[in-house]
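First comes the structure, then the notes that go with it.
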Amino acid sequence: MAEVEGEERTWPSSHGGGGGGGGRSSRAICCRELRLHEFPERYVILSADPDTPDHAFSIGRLDGQVEPLVENFSSVASSKVSTIFGVVGIIRLLAGTYVLLITSRKEVGSYLGFPVFNVTSMRVLLCNKALKHSTSQERKDEAYFMSLLRIIESTPGLYYSYEADLTLNLQRASKLTQERIHKSLWKQADPRFLWNRNLMEELIENKLDVFTIPVIQGSFKSVQLTFKDSPARVLLISRRCNRRLGTRMWRRGANLEGAAANFIETEQILEFEGFRASFLQEGEEGQLSEAFSAAIQNLPYVRYVPFDFHHACAKGNFDNLQLLYNQIKDQVESQGYFLMKIDGQILLEQKGVIRSNCIDCLDRTNVTQSYLAQKSLNLQLQQLGAFSASECISTHTDIYEMFRILWAEHGDEISLGYTGTHALKGDLVRYGRQTLGGMIKDGISALTRYYLNNFHDGIRQDALDLISGHYTLSRSGSGRFQVNGIDSLPYLPVASALIMGGLTMTSFTLHQAVGRSTNPLASSVFWASLTAGVMALVKANGKQFCSRPRLCGLM
């Protein structure tokens, strides 16, 4: 399927206020280190980066008012001062304003020569002193929203760079005009893959470009390899789309606009002897959705290839994915991959995108994509002269092992953001076969997913809808968070306790009834009847007992 370029930016334009660079690079950069000053009536955030000096802004703790500042705070010692590494964004709720900060980070590699960081901890600044003047219902609603922000603080798989735009794949980034490269990072970004797109708006409106850091959610992994005594690096980067973001339980399929749930773009990049090669998987979901709704067989640029993974790869026979590859080999090789020299000269372009989509999604998708990425990497290394026409990475044990670990760790990170657990079938990617340890791990993960899906994903979905802007706050909607019928949160543990207790007491009294009077038997009937009744109630009202989203509809 042909790749579709991203949509045009429609956010407010910004001029000045930190868009410039200076120092080490002519590119636009963001502040790498900041100081947070905490005063009784306001917070002040100022740049401690010598390449972006004299930038600061304040947030009122009473009203959440954001103001760019020009005054010097370097000599102020009366406030609490701490070091932070970025401002993720600002969100206004019913009775307060909240600022999400990066408080710790870990450097995980580089993209286009610039450092990339993983967010390891965040903090929410509370600017909600006006909350004491709110109604009791507003305070109750605000408390629920604040609980969602606490979930956001621990979001996994967040990555950013102060100098490089991680939202664009290599082929698209290589086509940026020189003028656009000098614009602020948020202006360069593809809005589909900006995790904090909704949170940026107030920073943008106040022309605080050096504080506006584009953040992606997904995975960023790299590994150093050696081919024929020459160093090489393989980078794996996944970008999660914000159009239909959600949890495994509550965001599936596509909406009426054609946005697919939890759409992810995955790119594998090879850097070797002055060349960069990129292989991109999955494409623009909207066009594919339209193709399915119309008549996919009549579209010349789309080919649909069904593959029964369970049947073909039964008993962990991972090598049988070759059967799938044989069906699409000609198209894969004709679509090719993107290849450029480090100096920017473009040699080849990828002409189409393979989209892997599983009915049950995620785990088998990662297994399939890693296999296709392996095939593309073989072609790239052969063309660059690192391999002969008969060589492939699977014939080099050490290289193959590192490649498989790279993709397995990538699958785990994507799965954590989507389901809350590591990926299933990870040992197929790591070892090429199902192992006993892997089966046990998959079993534990499957049970954990069941628990999270049913009893925790509702509130996680609300947190995602709030942070991504899919839910819009309104003061007129107080009290609307109650689920119709039974309130799932208080009744669920009671029902679970009754079922487990009833089963235990039924078993205990039956054991006592053997060879004794009828009294224990009557007790057994009572406990068995109670257990069956509660189970019937839960079955009849299953959706009500689940942790359900309260803010947005499923579409």
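Here Met146 sits with roughly 40 square angstrom of accessible surface, probe radius 1.4 Å.
Per-residue accessible area (protein heavy atoms, 1.4 Å probe) orders His410, His182 as His182, His410, starting from the largest. Counting charges near Thr120 (Lys, Arg +1; Asp, Glu -1) among other residues having Cβ under 9 Å from its Cβ returns a value of +2.
The heavy atoms of Arg192 present about 10 square angstrom of accessible area, all protein chains included, probe 1.4 Å. With a cut-off of 10 Å between beta carbons, the residues surrounding Ile237 carry a summed charge of 0, where Lys and Arg count +1 and Asp and Glu -1. When the surface is traced with a 1.4 Å probe over the full set of protein chains, Leu510 keeps roughly 90 Å² accessible.
Tally up the carbon and sulfur contribution to the accessible surface of region 174-285 as a whole percent, 1.4 Å probe, everything protein left in place. With neighbouring chains kept in place, the figure for region 174-285 is 45 percent. The phi-based Karplus calculation (6.51 cos²θ - 1.76 cosθ + 1.60; θ = phi - 60°) puts the 3J(HN,Hα) values of region 222-236 at 8, 9, 8, 10, 10, 10, 6, 6, 10, x, 8, 9, 10, 10, 10 Hz, whole numbers, x for Gly and Pro. Amide H to amide H, with H built 1.01 Å from N, Glu33 comes under 5 Å of Ala48, Asp49, counting only residues 5 or more places away or on other chains. Over region 131-286, accessible surface divided per residue gives 32 Å², non-protein components excluded, 1.4 Å probe.
The values are calculated or read from the model by the stated rules, or taken from the named source; none is laboratory data. Since this is a predicted model, take the numbers as computed values, not measurements. Glycine also receives a Cβ, built like all others from the backbone with ideal geometry; neighbour counts cover every protein chain displayed. Heads up: the accessible areas ignore ligands, DNA and RNA and are worked out on the full protein's heavy atoms, side chains in. Shrake-Rupley method; radii C 1.70, N 1.55, O 1.52, S 1.80 Å.
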